[in-house]
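Report on one structure; see the data block that follows.
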Amino acid sequence: MAERLYHPGATADTMVPEPIRGDRGAPIMGPRNEPLERENPDLLASPYTDAGTIPNLKFSFAAARNRLAPGGWAREVTARELPVATTLAGVNMRLKPGGIRELHWHKEAEWAYMLAGRARLTAIDPQGRNFIDDVGVGDLWNFPAGIPHSIQGLEEGCEFLLVFDDGNFSENETFLISDWFAHTPREVLAKNFGVPEAAFADLPGDVEHTRWILAGQVPGPLAADAVRSPAGGVPVAYSYRLPAQEPLTAAGGQVRIVDSSNFPAASTIAAALVEIEPGGMRELHWHPNTDEWQYYIGGRGRMSVFASGGKARTFDYQAGDVGYAPFAMGHYVENTGDEPLRFLEMFRSARFADVSLNQLMALTPPELVQAHLNLDAQTMAALRKDKPIVVGPRSAAP
C-alpha cells in the first residue's frame, strides 16, 4: 500500500495527511479540518483496495451531545447518530462519588463494561428476589429487559459503557421512578402506599421533574447496604468478573469472550474483549449470526470492511469511537499505533460466533482453494486449521 503524502517539514505532532497515494490524488487547496483529517487518514486517502459505497461505520462519543446532571453525565450513540447501527445502541456514563443513576427500568436489556472506578449495583426481579454488588474496572453487568435497577458511584466515582439490544434505544426515554411519581395523583400514591397525601409534598421539583443522575452520599460497606428479601437473592448474578477470565492468547494479542454460556444473565448480548499488540490484527473474519457493534477503549486501529458486489471501505478508530460491521461482511481490525489496541466486539445474540477466513481455507480441499486463488504450496502449508482470532506481525507468525 503506497504511503500517504504529508506537508513538507511536518513533525510527528503536526503531520497533516494529504489525499494522495502514489501518483493518485492531489493536495488540498481549499478549507480543511486538519485535526479530523489526522484522525481519519484512510477516509481522506482511501486505500486502493476500497471500492464502491458502504455506509458510514464510525461515530465518536466525542461528537455526541453530553447531557449534564448534578451527579454526573451521559452521552449516547444510537441509530440516530449512526444509522447503520440498528441492532445495538451505546451510552457512555460518568457518576461522581456517590452519584446515582436513579432507580429505573427499560424495555431493552442493559449490558455494561466498567471503564474506570467502582460502582454499586442494585436490582430486583419479578419474584421479589434482590441483587446488590460492587463492580470495578473491567467488570460487566447485564440487567434483562424490564428489570428495575440503580447504579451508584463509590469513593472514586466511575465511568462505564452501557450497551442496549436495540439500536433505537435512548437514555432519555427510560422509565424513571421519580418521573412516575410526578405523573401519578397524590391521592393514588397515598392509597397505594397507605400513607397520607402529605407524605408526597416534597417530591422532586427540579429540572424535568426527574432525578435521572443525581448527587448522593458515597454508600457504606456492601454488607451494611444489603436488604434481605423474604424471597432471597436472584438465582443468576447480574454481574460478571471479566478480568478473572482466562484469555485466549495468540502471537498478536488476546481475547476474552463472554456470552450466555459463561454469563447466563446476558441472554441477548454477547461480547468479546480484544487486545491487539502493535503490528498485530484481528484476523480476517465475519459473523454468521448478526451485526458487530464496537467500542474502542484504547490505542489506534484501522478496520476494512468487505461487502458483496465488490465493495470495501476503510475506517480509522481511536479511544471513545464506535465502529460497526454489518452482518456477514468480512472485516479485520489492525493495530496502527505503538501501544496495545483494546476494543469490545458486541452482538445482539445469546452466543458469540465468527468464521475465520484462515480456518475456512485450511479445512477446504487444497486443490479447490488453489483453483480459486493461484496460491503456491508454501502459502497453503501456512494455513491454520485452528482459529487464530488475533495474529501478530509477519515476523511473529508461526
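The values are calculated or read from the model by the stated rules, or taken from the named source; none is laboratory data. The model shown is predicted, which means the values in this text are computed figures rather than measured ones. Glycine also receives a Cβ, built like all others from the backbone with ideal geometry; neighbour counts cover every protein chain displayed. To get the accessible areas, we keep the full protein, side chains included, count just its heavy atoms, and leave off ligands, DNA and RNA. Shrake-Rupley method; radii C 1.70, N 1.55, O 1.52, S 1.80 Å.
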*asked:* Residues that are open to solvent by 20 Å² or more (accessible area, probe 1.4 Å), farther than 30 Å from VAL91 by Cβ and free of Cβ contacts under 8 Å to residues at least 12 places away in the same chain: does region 348-357 have at least one?
replied: no
*asked:* Looking for something in contact with a strand residue (DSSP E or B) (Cβ under 6 Å, 6 or more places away or on another chain), within 29 Å of LYS96 (Cβ to Cβ) and acidic (Asp, Glu) - is there at least one such residue anywhere in region 66-78?
replied: yes
*Matching residues, region 108-138, being without any contact (Cβ under 8 Å) to a residue 60 or more places away in the chain and out of contact with any strand residue (DSSP E or B) (no Cβ under 6 Å at 6 or more places or on another chain)*: PRO126
*Restricting the first residue to region 227-251 and requiring it to be more than 27 Å from ASP386 (Cα to Cα), which pairs with a second residue that is open to solvent by less than 30 Å² (accessible area, probe 1.4 Å) and polar (S, T, N, Q) meet a Cβ separation below 8 Å and a spacing of at least six or different chains?*
TYR238/ASN142; TYR240/ASN142
*asked:* I'm trying to understand the selection: among the residues of region 358-398, which are open to solvent by 50 Å² or more (accessible area, probe 1.4 Å), over 20 Å from MET329 (Cα atoms) and in contact (Cβ under 8 Å) with a residue 24 or more places away in the chain?
replied: ARG384, LYS385, ASP386, ALA397, PRO398
*Would you check which residues across region 340-386 are in contact with a Lys or Arg (Cβ under 6 Å, 6 or more places away or on another chain), within 30 Å of SER267 (Cβ to Cβ) and not in a strand (DSSP E or B) and list them?*
GLN359
*Of the criteria (1) more than 23 Å from the chain's Cα centre (by Cα); (2) without any contact (Cβ under 8 Å) to a residue 60 or more places away in the chain, which one HIS331 fails*: (1)
*asked:* Testing MET15 on (1) within 24 Å of PHE306 (Cβ to Cβ); (2) in contact with a Phe, Trp or Tyr (Cβ under 6 Å, 6 or more places away or on another chain), one condition comes back false. Which one is that?
replied: (1)
*What strands (runs of 3 or more DSSP E) lie completely within region 1-80 and have 1 or more residues being open to solvent by 50 Å² or more (accessible area, probe 1.4 Å) and at pLDDT below 90?*
4-6
*In region 133-185, how many residues are surrounded by 22 or more Cβ atoms within 10 Å (Cβ to Cβ) and touching a Gly at 6+ places or on another chain (Cβ under 6 Å)?*
3
*Name the residues in region 197-220 that are modelled with pLDDT of 95 or more, open to solvent by 60 Å² or more (accessible area, probe 1.4 Å) and not aliphatic (A, V, I, L, M), would you?*
GLU197, GLN217
*asked:* Is it the case, given these coordinates, that THR122 is assigned to a loop (DSSP other than H, G, I, E, B), of a type in the set (Ser, Thr, Tyr) and open to solvent by 30 Å² or more (accessible area, probe 1.4 Å)?
replied: no
